[in-house]
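First the structure, in the form of structure tokens, and then the observations on it.
No value in this document is a laboratory result; all are computed from the given coordinates. Because the structure is predicted, anything quoted here is derived from the model rather than measured. All Cβ positions, even for glycine, are placed from backbone atoms using ideal geometry, and neighbour counts span all protein chains on display.
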Amino acid sequence: MQEVLKLSLIGCGRISSKHIEAALANKERLQLVACCDPVIDRAQRRAQEYRTGSSGLDVKIYADYREMLKKEKPDICAIATESGYHPRIAIACLEAGSNVICEKPMALSTHDADAMIATARRNNRKLAVCFQNRFNAPVQRARAALEAGRFGKILHGMIQVRWNRDESYYKQAPWRGTWDLDGGTLMNQCTHGIDLLQWMMGEDAVRVQAATRRFLRPIEAEDFGAAIVEFASGAVGIIEGSADVFPQNLNETLSLFGEKGTVIIGGLAVNKIETWRFADSSIIGDAEDKVLDPNAKDPPTVYGFGHTALYADFLDALEHNREPLVNGEAGKKALEIILAIYKSQKTGQPVTLPVEFSTSEMKGVF
């Protein structure tokens, strides 16, 4: 009989509901034993969600994650706190012997990301970053086509994140949009799309040139960003991200252009195949009418459904002692691109990767 692992949830705000959903969907392999948040009411609400979905299994409540680590000794800690606290908490969990699933972005500096990765390695523990959109069915299909060589040489790609985050969103949680705990639209809303773009381009980013703006929102950081990213292969990526789209979220679209294939995945959150064209379609038998689903619907939120699959992959990684799909090194790549974008904005110059930078170095730029 397969061992059921113990999970603790640290941070019980907006995104934590997706972790409850994922825990329940994987309940044959995983049991939530604790919810931890300085605001006890939040922890209690999430614990009750889990109890309701798991026929009343007990969940302990903690205000202090350090106390929780000592008493519960969880196999896995899911971290869904404010972004700026991720490194400190993740390192404490890893040092205590827990494996870690960390919400995006994993950190707000390359130094802290490296420290998290090193701590996981030193303690022989797994670290995963929540880039759940990699598990979207259309994205998985495009990745399979890429790995099969169907695109030929990748020439260029683009990610567009055209969403709306109004003033009430930032007032609801004052840490949002700050350099100390969050960053701006690129770091918070667009990081998923930036991860997908770099994952699909075949090789690492080597150079970034960018322009960011704070057009409308009452925050420290940017509410709009654009960048050109050059990859080691010579391919070019284009990033466009906004929190200012009127009057509501419009789309998140990933476009991939190769010498022998074109794929566009759109919808609210990269969840619909809009274009699927390959030179070998007649050979593979992957005709457009079998790929495009005219009835595909957007998920109820931009978070989609990928957390459940990300948890399943993480549990498989533990069982078979392999790396999770989005391990610490993989999770750092999007972070590094965003930090290079920030540095490019600050200096007005192109930035060569690898780069060492932190959101804290952006204070006073706008």
Computed P(r) (all Cα pairs; the stretch 22-129; 5 Å bins; percent): 2, 13, 22, 23, 21, 12, 6, 1, 0
The set of residues whose placed amide H lies less than 5 Å from the amide H of Leu5, leaving out same-chain residues fewer than 5 positions away, is Leu30, Gln31
What's the magnitude of the charge dipole for the chain around its Cα centre, counting Lys and Arg as +1 and Asp and Glu as -1 at the beta-carbon? Answer in Debye, nearest 20. 420
Plugging the Cβ-Cβ distance of Glu95 and Asp166 into 1/(1 + (r/R0)^6) at R0 = 41 Å yields, to the nearest 0.05, a FRET efficiency of 0.55
Taking Cα pairs under 8 Å and at least six residues apart, what relative contact order does the chain come out at, in percent? 18
Rel. contact order, % - alpha carbon contacts under 8 angstrom, at least six apart, the stretch 126-281: 31
Multiply the residue separation of Ala137 and Glu28 by 0.36 nm, subtract the distance between their alpha-carbon atoms, and state the gained length in nm to one decimal. 37.0 nm
Could you pull out every residue, at least 5 positions away or on a different chain, whose amide H is within less than 5 Å of the one on Cys130? Hs are placed 1.01 Å off N in the peptide plane, and Pro or chain starts have none. Cys102, Glu103, Lys104
In whole Hz, the Karplus estimates of ³J(HN,Hα) for the stretch 325-334 (6.51, -1.76, 1.60; θ = phi - 60°; x where Gly or Pro) are 4, 10, 7, x, 4, 5, x, 6, 5, 5
Using the number of other C-beta atoms within 10 angstrom as an exposure proxy, rank Ile20, Ile338 with the fewest first. Ile20, Ile338
Enumerate the amide H contacts of Arg207 below 5 Å, restricted to partners 5 or more residues apart or on another chain; note that Pro and chain-start residues carry no placed amide H. Glu230, Leu353
Which aspartates and glutamates have a Cα lying under 18 Å from the Cα of Lys60, excluding residues fewer than 8 positions away in the same chain? Glu21, Asp37, Asp41, Glu49, Glu72, Asp75
Based on other C-beta atoms within 10 Å, arrange Ile341, Ile76 from fewest to most. Ile76, Ile341
Rounded to whole Hz, the Karplus (6.51, -1.76, 1.60) HN-Hα couplings of the stretch 236-247, x for glycine and proline: 10, x, 10, 10, 9, x, 9, 10, 10, 5, 8, x
Take Phe278, Phe246 and order them by how many other Cβ atoms sit within 10 Å, fewest up front. Phe246, Phe278
Kindly provide log₁₀ I(q)/I(0) values, in the same order as q = 0.21, 0.24 Å⁻¹, from the Debye equation applied to equal alpha-carbon scatterers of the stretch 105-163. -0.95, -0.98
How much length is gained on full extension from Arg121 to Ser233, taking 0.36 nm per residue of separation minus their Cα-Cα distance? 37.4 nm
Disulfide-incompatible cysteines by the Cβ rule (no partner under 4.7 Å) in the chain: Cys12, Cys35, Cys36, Cys102, Cys130, Cys190
Using a cut-off of under 19 Å, list every residue of the stretch 1-27 whose amide N is near the label point 7 Å from the Cα of Ala63 along the Cα-to-beta-carbon line. 9-13
Rh (Kirkwood; distinct C-alpha pairs) - the stretch 220-283, Å: 14.0
Which ³J(HN,Hα) values, rounded to whole Hz and listed in residue order, are derived for the stretch 70-85 from phi using the Karplus coefficients 6.51, -1.76 and 1.60 in 6.51 cos²θ - 1.76 cosθ + 1.60 with θ = phi - 60°, glycine and proline given as x? 5, 7, 9, 6, x, 6, 9, 10, 9, 10, 10, 8, 4, 4, x, 8
To make sure I understand the rule: partners must be lysines, Cα under 20 Å from the Cα of Lys332, and not fewer than 8 residues away in the same chain. Which ones qualify? Lys104, Lys126, Lys343
What are the equivalent ellipsoid semi-axes of the chain, built from the alpha-carbon gyration tensor (square roots of five times its eigenvalues), in whole angstrom, biggest first? 32, 25, 20
